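The values are calculated or read from the model by the stated rules, or taken from the named source; none is laboratory data. Keep in mind the model is a prediction, meaning the values are calculated, not measured. A quick note on method: Cβ atoms are made from the backbone with ideal geometry, for glycine too, and the neighbour counts reach across all protein chains shown.
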Amino acid sequence: MLAAALATAACGSGSTQTTAAATGKPEVVAAFYPLQWLSEQVGGSDAQVTVLTAPGVEPHDLELGIKQVTDIKNAALTVYIKGIQPAVDDAVEPDKSFDAATAVATLPAGEHEEHAEHEEHAGESEEEHAEHADVSYDPHIWLDPSRLATVATKLGERMAAADPAHAQGYRDRTAKTAATLTGLDQELSQGLSTCRSKTLVTAHEAFGYLADRYKLKQVGITLDPEMEPSPARLSEVAKLAKSEGVTTVFTESLVSPKVAEVLASQVGAKTAVLDPLESKPAGDYVSAMRDNLKTLQTALGCMA
Ligand SMILES: [Zn+2]
């Protein structure tokens with residue numbers, strides 16, 4: 001752990017500081033990919049954006065190195081979502097941070113999470129649960145582009161206020177970003193309007209907001225992929241998936257596909273990769289969401 005922290009520190013050593021000092025641009029620290037993408041769109045050439053979660057790293061429960069904590073302290077603004085990364089939640093300062101979850105209407109965390117809390121004997125330890133029970137809502141807000149458009153607008157106001165000399169630039173880019181996200185929302189809305197199945201089965205329940213927005217039903221195991229799935233919940237989901245005739249169980253590249261594979265074999269379904277955008281995709285947020293749309297259309301039997 002220490003070695004990893006030191007390696008991280010060595011990696012980014014001084015670079016952000018030097019750049020910020022050289023350019024005089026406000027430094028914005030984004031907690032993980034979708035917030036990085038959004039900050040870059042809104043900040044453009046007026047801000048220096050860095051990210052805490054390296055590409056290819058699963059952001060849930062990220063540990064912070066000393067360098068990263070210092071970056072947060074020195075940044076003009078840290079953009080994060082409370083409830084995903086407790087170390088980030090602890091490191092941010094209220095007047096220099098933007099919690100994207102406060103910008104939108106959130107959805108409650110899955111009902112079965114609460115059940116698990118009451119059933120201490122049901123496999124998962126009390127400690128483990130307490131660690132993740134920081135917030136009562138589902139934190140995966142970025143998977144609904146319409147909500148992300150709202151976040152963009154609020155973030156733009158915040159960045160314009162923090163750097164008034166360039167306020168107009170932030171406002172222009174914010175309007176452009178919100179328009180891009182609204183267009184993407186319409187593509188998804190049309191593309192998912194007529195599907196044979198509406199049930200989205202996934203091990204990592206990252207798609208609650210996508211399901212909410214496009215009238216799909218997410219059936220999943222846990223909000224945090226680093227948590228051990230409870231056998232009771234696993235068999236409950238398998239039963240539901242079977243009764244709904246589900247043909248595909250969704251998995252993702254940064255999390256072990258084991259749980260999804262076990263589930264798929266119990267249900268007699270295949271697996272497909274749906275990107276929760278928690279780390280940088282091959283393209284960007286918009287292209288990865290379009291890929292997700294295609295994957296969903298195939299798996300759920302939607303008319304194009
Ligand atoms: Zn997640």
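Looking only at segment 162-180, decide whether some residue is within 16 Å of the ligand (Cβ to nearest atom) and touching a residue at least 24 places away in the same chain (Cβ under 8 Å). No, that holds for no residue. Quick one: what pairs do we get from segment 138-151, first residue in the same structural domain as residue 207 (by TED's automatic domain parsing) and modelled with pLDDT under 95, second within 11 Å of the ligand (Cβ to nearest atom) and among the aromatic types (Phe, Trp, Tyr), C-beta under 7 Å, 6+ apart or different chains? Taking only residues 6 or more apart or on different chains, not a single pair turns up. In segment 46-67, the residue that is nearest to residue 175 (Cα to Cα) out of those that are part of a helix (DSSP H, G or I) and touching a Gly at 6+ places or on another chain (Cβ under 8 Å) is 46.
Restricting 180, 202 to those that are touching a Gly at 6+ places or on another chain (Cβ under 9 Å) and among the polar types (S, T, N, Q) reduces the list to 202.
When we screen 236, 244, 228 for residues that are within 16 Å of the ligand (Cβ to nearest atom), more than 18 Å from the chain's Cα centre (by Cα) and surrounded by fewer than 19 Cβ atoms within 10 Å (Cβ to Cβ), the only hit is 228.
More than 16 Å from the ligand (Cβ to nearest atom), outside any strand (DSSP E or B), within 28 Å of residue 56 (Cα to Cα) and out of contact with any Gly (no Cβ under 8 Å at 6 or more places or on another chain), is that true of residue 283? Spell out how you get there, then give the answer.
Details: more than 16 Å from the ligand (Cβ to nearest atom): yes; outside any strand (DSSP E or B): yes; within 28 Å of residue 56 (Cα to Cα): yes; out of contact with any Gly (no Cβ under 8 Å at 6 or more places or on another chain): yes.
Yes.
Which of the residues that make up segment 52-105 are under 16 Å from the mean Cα position of the chain (by Cα), surrounded by fewer than 20 Cβ atoms within 10 Å (Cβ to Cβ) and of a type in the set (Ser, Thr, Tyr)? Within segment 52-105, 102 is the sole residue that qualifies.
Residue check: residue 252 meets all listed conditions (1) closer than 16 Å to residue 138 by Cβ; (2) within 12 Å of the ligand (Cβ to nearest atom) but one, namely (1). Pairs meeting the criteria (first residue in segment 22-38 and assigned by TED's automatic domain parsing to the domain that holds residue 164 and in a helix (DSSP H, G or I), second residue modelled with pLDDT of 95 or more and small (Gly, Ala, Ser), beta carbons under 6 Å, at least 6 apart or on different chains) are 36/30; 38/152. Number of residues in segment 204-234 that are modelled with pLDDT of 95 or more and part of a loop (DSSP other than H, G, I, E, B): the value is 4.
Kindly establish whether residue 229 is in the same structural domain as residue 85 (by TED's automatic domain parsing) and over 22 Å from residue 148 (Cα atoms). Please lay out each step first, then the result.
Numbers: in the same structural domain as residue 85 (by TED's automatic domain parsing): no; over 22 Å from residue 148 (Cα atoms): yes.
It is false that residue 229 is in the same structural domain as residue 85 (by TED's automatic domain parsing) and over 22 Å from residue 148 (Cα atoms).
For segment 138-165, the set of residues classified as closer than 13 Å to residue 180 by Cα, hydrophobic (A, V, I, L, M, F, W, C) and surrounded by fewer than 24 Cβ atoms within 10 Å (Cβ to Cβ) consists of 149 only.
Within segment 77-132, how many residues turn out to be outside any strand (DSSP E or B) and either within 28 Å of residue 42 (Cα to Cα) or modelled with pLDDT of 50 or more (or both)? The total comes to 28. For segment 60-112, the set of residues classified as within 15 Å of the ligand (Cβ to nearest atom) and hydrophobic (A, V, I, L, M, F, W, C) consists of 62, 81, 84, 88, 100, 101, 107, 109, listed by residue number. When restricted to residues that are of a type in the set (A, V, I, L, M), in a helix (DSSP H, G or I) and at pLDDT 90 or above, segment 235-259 contains 4.
Applying the criterion of being under 18 Å from the mean Cα position of the chain (by Cα) and more than 13 Å from the ligand (Cβ to nearest atom) to the residues of segment 196-225, the residue that is surrounded by the most Cβ atoms within 10 Å (Cβ to Cβ) is 201.
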